[in-house]
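Everything below concerns the one structure shown next.
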Amino acid sequence: MNTFEQIKTIPEPTLRRLPMYCDVLRRLQQQQCVQVSCSSIGRALNLEPTQVRKDLAYTGVSGRPKVGYEVEVLHAAIEDFLGWNNTQDAFLVGVGSLGTALLGYLPFARYGVNIVAGFDVAEDRVGRVVHDTQIFALEKLPNLAQRMKIHLGIVAVPVEQAQRVTDLMVDSGEIRAIWNFAPTALEAPEGVIVQNENLFSSLGILSSKLAALLRDAE
């Protein structure tokens, strides 16, 4: 079984928790902690120690009874598992408010993502430099993706443009993973991964929970 097939067998909730463990371990390293237990990680994230242990088992690192894990070793293992220790160059399309914010989000580099160029169709954005990133006309994306061997694309455009941008990325022949911030499902062929980040869905869940909480408080 290849690495991609192995990743596909891991539960998505586990994949979503592993970055949270990284954040905890990073803070522990800053505090010069050497060892950490599943119980300590669980308390920091409000998770059961058994769940933490199951999740960490996927990284291949084993803790020692009554001692736990070496913080530095575990942190490195999770980053290696997630591919964060191998910076992935990326293209971003859509340099509006959201796209500009993403370009300026410095922690991306810490998580293995380096946005090397932005693209847009608006003439007043093309040719500018936003957060030290050059903005190009959208039609240049396929050629530049081929020349620069870019495999990751980020979509931050309005819904009505999202599929067109996705098709353009796919047609480049190089982009194999798309991080979609447009609130719509995208169609992509087999062999191209699409990860959706629907902010409005998260807001809907938050709003419904808040409304229920307020009703219960009345």
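The values are calculated or read from the model by the stated rules, or taken from the named source; none is laboratory data. This structure is a prediction, so every number in the text was calculated from the model and none was measured. No Cβ is skipped: glycine too gets one built from the backbone with ideal geometry, and neighbour counts run over all protein chains shown. Keep in mind that these areas ignore ligands, DNA and RNA; they rest on the heavy atoms of the full protein, side chains included. Shrake-Rupley method; radii C 1.70, N 1.55, O 1.52, S 1.80 Å.
Go through ILE205, THR184, GLN35 and say which Cα lies farthest out towards the positive end of the charge dipole of the chain; charges sit on Cβ, +1 for Lys and Arg, -1 for Asp and Glu.
Farthest towards the positive pole: GLN35.
Could you work out Rg/(2.2 N^0.38 Å) for segment 128-218, with Rg from alpha carbons only?
1.44
Checking the a/c ratio against 1.5 first, then a/b against b/c, what shape does the Cα gyration tensor give for segment 1-112? Walk me through the numbers on the way to the answer.
Numbers: a/c = 2.11, a/b = 1.57, b/c = 1.34.
Because a/c hits 1.5 or more and a/b exceeds b/c, segment 1-112 counts as prolate.
Under 20 Å from a label point 7 Å along Cα→Cβ of CYS33: give me every residue in segment 77-115 with its amide N that close.
What the label zone holds, given the 20 Å backbone N cut-off, is 77-80.
State the antiparallel share, in %, of DSSP beta bridges confined to the chain, rounding to the nearest 5. Present the calculation step by step, with values, prior to reporting the outcome.
Working: 5 of 26 bridges.
Here the share of antiparallel DSSP bridges comes out near 20 percent.
Note down the Stokes-Einstein diffusion coefficient of segment 50-109 in µm²/s, whole number, using a Kirkwood radius over alpha carbon pairs, 10 °C, and 1.306 mPa s.
Details: Rh = 14.2 Å.
After rounding, the answer is 112 µm²/s.
Find how much the distance from VAL194 to LYS209 grows on full extension, using 0.36 nm per residue of separation minus their present alpha carbon separation; answer in nm with one decimal.
2.6 nm
Ignoring ligands, DNA and RNA, what accessible area per residue does the chain give at 1.4 Å, in Å²?
Working: 13150 Å² over 218 residues.
Roughly 60 Å² per residue, with all protein chains present.
Give me the aspartates and glutamates in straight-line cross-link reach of LYS54: C-alpha distance below 14 Å, same-chain residues under 8 apart excluded.
Straight-line reach from LYS54, under 14 Å: GLU12.
Evaluated at 10 °C with a viscosity of 1.306 mPa s, what Stokes-Einstein diffusion coefficient in µm²/s does segment 77-128 have when Rh comes from the Kirkwood expression over alpha-carbon pairs?
On the way: Rh = 12.0 Å.
So the translational diffusion coefficient is about 132 µm²/s.
When only DSSP loop residues count, what trypsin sites (Lys or Arg not before Pro) in segment 118-190 have their Cβ near at most 16 other Cβ atoms within 10 Å? Provide the component values of the computation, followed by the final result.
Details: sites: ARG125, ARG128, LYS140, ARG147, LYS149, ARG164, ARG176; in loops: ARG125, ARG128, LYS149, ARG176.
Sites meeting the loop and neighbour criteria: ARG128, LYS149, ARG176.
Where both residues lie in segment 1-121, what percent of DSSP beta bridges are antiparallel, nearest 5?
Details: 3 of 9 bridges.
Around 35 percent antiparallel, to the nearest 5.
Which far-off residues, 5 or more places away or on another chain, put their amide H under 5 Å from the one on VAL130, with H placed in the peptide plane?
Sorted by chain and number, the residues that satisfy this are ILE135.
Give me the distance in nm between label points sitting 7 Å out from Cα along the Cα-to-Cβ direction at GLU123 and SER202, one decimal.
3.6 nm
What is the P(r) of the chain, as percent of Cα-Cα pairs per 5 Å bin from 0?
1, 6, 12, 15, 15, 14, 13, 11, 8, 4, 1, 0, 0
On the protein heavy atoms, probe 1.4 angstrom, tell me the percent of accessible surface of the chain carried by carbon and sulfur. Walk me through the numbers before you get to the answer.
Values: 6800 of 13150 Å².
Percent of accessible area from carbon and sulfur atoms in the chain: 52.
Enumerate the aspartates and glutamates that LYS209 could reach by cross-link, defined here as Cα to Cα under 15 Å, with residues fewer than 8 away along the same chain left out.
By straight Cα distance, LYS209 reaches GLU218.
Taking square-rooted eigenvalues a ≥ b ≥ c of the alpha carbon gyration tensor, is segment 65-159 rounded, prolate or oblate, where a/c under 1.5 means rounded and, failing that, a/b exceeding b/c means prolate? Write down the numbers at each step before the final one.
Numbers: a/c = 3.37, a/b = 2.39, b/c = 1.41.
Since a/c reaches 1.5 and a/b is larger than b/c, the shape of segment 65-159 is classed as prolate.
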